[in-house]
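Structure first, commentary second.
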Amino acid sequence: MTTPKGQESRAYTELVLSLLPDWPLDEGSLRDERFYWPIRLLKTLARFPHEYKTWLFAKHTIPNGDPPKPYSSDTEMCCALISEARCVRKEFWELRVSEQKNIYFLGVIPLYPEEMEFKLKKGSAELNKKLMENKIAEFLYQKRKRVCEKGLFGWK
């Protein structure tokens, strides 16, 4: 990836998104966007740094369009947060290939619109705190609990 000055060592990154064991991955099911969208998301994110001559790393968020649209008809998730890979031990976060090359493994956490709005208003550290408190990781649950709600008097 094209990294900013001082981040050259983070030019190589692999993205991780875990699916439930019974997630349909046969050819027929993957013709249905309800099942294909996590794969499309990973492909889109993988192309993003090359198409825009930029990089992706922890705390970055990418919306699904402008304005963000749900990834499929059966989810309201519409944005992705790049995060530390939480479903694996820390030892798996980085692979040293050579003196000059490390590969980083980062998780992809699909977000609801309110979570993305919260991140934009309060920052990624605050969103990450809420995700951690609720044990949300790169393990995809189609209808997981939302960790941010906008109430009458602000964010909950």
- Note on the structure: The residue from Lys135, Lys101 that alone is free of Cβ contacts under 8 Å to residues at least 40 places away in the same chain and either out of contact with any strand residue (DSSP E or B) (no Cβ under 7 Å at 6 or more places or on another chain) or surrounded by fewer than 20 Cβ atoms within 10 Å (Cβ to Cβ) (or both) is Lys135
- Task: Would you be able to tell me the number of residues in the range 22-46 that are among the hydrophobic types (A, V, I, L, M, F, W, C) and in contact with a helix residue (DSSP H, G or I) (Cβ under 9 Å, 6 or more places away or on another chain)?
- Result: 5
- Hey, does the range 136-149 have a residue that's within 16 Å of the chain's Cα centre (by Cα), at pLDDT 95 or above, closer than 30 Å to Ser9 by Cβ and not in a loop (DSSP other than H, G, I, E, B)? no
- Of the criteria (1) without any contact (Cβ under 8 Å) to a residue 60 or more places away in the chain; (2) closer than 21 Å to Met116 by Cα; (3) not hydroxyl-bearing (Ser, Thr, Tyr), which one Asp22 fails: (2)
- Query: Which of the following residues is farther than 27 Å from Phe118 by Cβ and open to solvent by less than 50 Å² (accessible area, probe 1.4 Å): Ala11, Ala58?
  - Reply: Ala11
- Note on the structure: Checked the range 104-132 for anything within 17 Å of the chain's Cα centre (by Cα), surrounded by fewer than 15 Cβ atoms within 10 Å (Cβ to Cβ) and not small (Gly, Ala, Ser); matches are Leu120, Glu126, Lys129, Met132
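The values are calculated or read from the model by the stated rules, or taken from the named source; none is laboratory data. Values in this document were obtained by computation on a predicted structure and should not be read as measured data. Because the Cβ atoms are built from the backbone with ideal geometry, glycine has one as well, and the counts that use them run over all protein chains shown. These area figures cover heavy atoms from the full protein model, side chains too; ligands, DNA and RNA do not enter into them. Shrake-Rupley method; radii C 1.70, N 1.55, O 1.52, S 1.80 Å.
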